[in-house]
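Asker: Mind having a look at this structure? Questions to follow.
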Amino acid sequence: MMTLRERALVSMQSVPSLPKHVRIQYDPVRHAFAVLSPEKVFWPNEISLDILRRCDGRSTVGHIIADLASDYDTDQEAVAADVIAFLREWSDKLLVKL
């Protein structure tokens, strides 16, 4: 019987990181960064890559949101929903630890 995994909760105090089986690597042929995990390759867009690079196991979600809002010169509230949804989705795929 298969057990379902509970969905991770993302809070402003969560400290996301990439699991050991996930890495970001530059592909010189495509001139793009790929996220590699066993048997899977993802091609994140620039903003997704910015979020993933900040998942260092030290920065909180709140800090990541503040940094992105500053870098993209936008309001933190506008960024927060998208960052939280992104982290939840990637956590569901086991590509981000929370």
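Here, each number is a calculation from the coordinates, and none is a lab measurement. Keep in mind that what you see is a predicted model, and the values were worked out from it rather than measured. When we count neighbours, we look across all protein chains shown, and the Cβ atoms used for this are built from the backbone with ideal geometry, even at glycine.
Asker: Above 21 Å lies some portion of the pair distances; for the chain, what is it as a whole percent of all C-alpha pairs? Before the final figure, lay out the partial values.
Answerer: Numbers: 1644 of 4753 pairs.
Considering the chain, 35 percent of its Cα-Cα pairs are separated by more than 21 Å.
Asker: If one computes P(r) from the Cα atoms of region 44-98, what percent of pairs lie at distances over 13 Å? Intermediate values should be presented prior to the final figure.
Answerer: On the way: 830 of 1485 pairs.
Of all Cα-Cα distances in region 44-98, 56 percent exceed 13 Å.
Asker: Taking θ = phi - 60°, what integer Hz values does the Karplus form 6.51 cos²θ - 1.76 cosθ + 1.60 yield along region 21-31, in sequence order, with x for Gly and Pro?
Answerer: 7, 10, 8, 9, 9, 7, 9, x, 6, 8, 6
Asker: How far apart, in nanometres, would the label points at E6 and H63 be if each is projected 7 angstrom from Cα along the Cα-to-Cβ direction?
Answerer: Modelled inter-label distance: 2.6 nm.
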